[in-house]
1. Note down the magnitude of the dipole of the chain about its Cα centre, charges +1 on Lys and Arg C-beta and -1 on Asp and Glu C-beta and zero elsewhere, to the nearest 20 debye.
2. Take each complete run of DSSP H in the chain, measure how far its Cα atoms stretch along the helix's own axis, and keep only those covering 18 Å or more with mean Kyte-Doolittle hydropathy at least 0.0; list them.
3. Excluding same-chain pairs closer than 8 in sequence, count the lysine pairs in the chain whose Cα atoms lie under 20 Å apart.
4. What does the accessible area per residue of the chain come to in Å², with a 1.4 Å probe and no ligands, DNA or RNA counted?
5. What value, in deg cm²/dmol to 500, does the helix sum -39500 (n - 2.57) over DSSP H runs of n ≥ 4 give at 222 nm once divided by the residues of the chain?
6. So if R0 is 22 Å, what FRET efficiency would residue 5 and residue 125 give, r being the distance between their Cβ atoms, rounded to the nearest 0.05?
7. Relative contact order, percent, of the chain when contacts are C-alpha pairs under 8 Å separated by at least 6 residues?
8. Report the residue, chosen from 79, 54, 13, that carries the largest GNM mean-square fluctuation when the chain is represented by alpha-carbon nodes joined by springs under 10 Å.
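The values are calculated or read from the model by the stated rules, or taken from the named source; none is laboratory data. Remember, it's a predicted structure, so these values are computed and weren't measured experimentally. So basically every Cβ, Gly included, is an ideal-geometry build from the backbone, and we count neighbours across all protein chains shown. For accessibility, only protein heavy atoms count, side chains too; no ligands or nucleic acids. Shrake-Rupley method; radii C 1.70, N 1.55, O 1.52, S 1.80 Å.
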Amino acid sequence: MKKFLGFLGRILLAQIFLLAILIQLYMILQHPEGYQSYQLYLAQFGLLPFFAPLMILIQLVFGLGLFLGFKTKLSAYVLAVYAVFVAVFLKLPVDLIGFMQYLAIAGGYIILALNAPTAFSLDNLRKKA
């Protein structure tokens, strides 16, 4: 049961940013000005345009890494830092509850990093080889 719950926790934490960025990418691709709109949204919080591709890359690469259980510890730590970044720069200015939620998400990623690897992960396959 512990193996399954560790796996489930990893998948649930992975989906937070992975699904969010897949939806965001879908929205960007559906509109000719989608990417510029995303950059303008980030600019409202004082973030420069280069943050848009960086944020997309972090969510996609490390979210997928967590989902597959590949480099779980690294992915969890990176997403923990990213969650704190989102909390401070995107949530704190407008939404105190959202700020606290993203800090809690960061805590979940830290706990996952400390308990990696989990069952059904590519990390486990690499250790056996």
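1. On the way: 9 positive and 3 negative charges, 156 e Å.
With Lys and Arg at +1 and Asp and Glu at -1, about 740 debye.
2. Details: long enough: 2-30 (41 Å, 1.58); 51-68 (25 Å, 2.34); 72-86 (20 Å, 1.64); 96-114 (27 Å, 1.89).
Answer set is 2-30, 51-68, 72-86, 96-114.
3. The result is 10.
4. Details: 7880 Å² over 129 residues.
So the chain comes to 61 Å² accessible per residue, rounded to a whole number.
5. Values: 6 runs with 98 residues, N = 129.
My calculation for the chain gives -25500 deg cm²/dmol from helical runs alone.
6. Working: r = 20 Å, r/R0 = 0.91.
Using R0 = 22 Å, I get an efficiency of 0.65.
7. Values: 136 pairs, mean separation 37.4, N = 129.
About 29 percent, as a whole number.
8. 54
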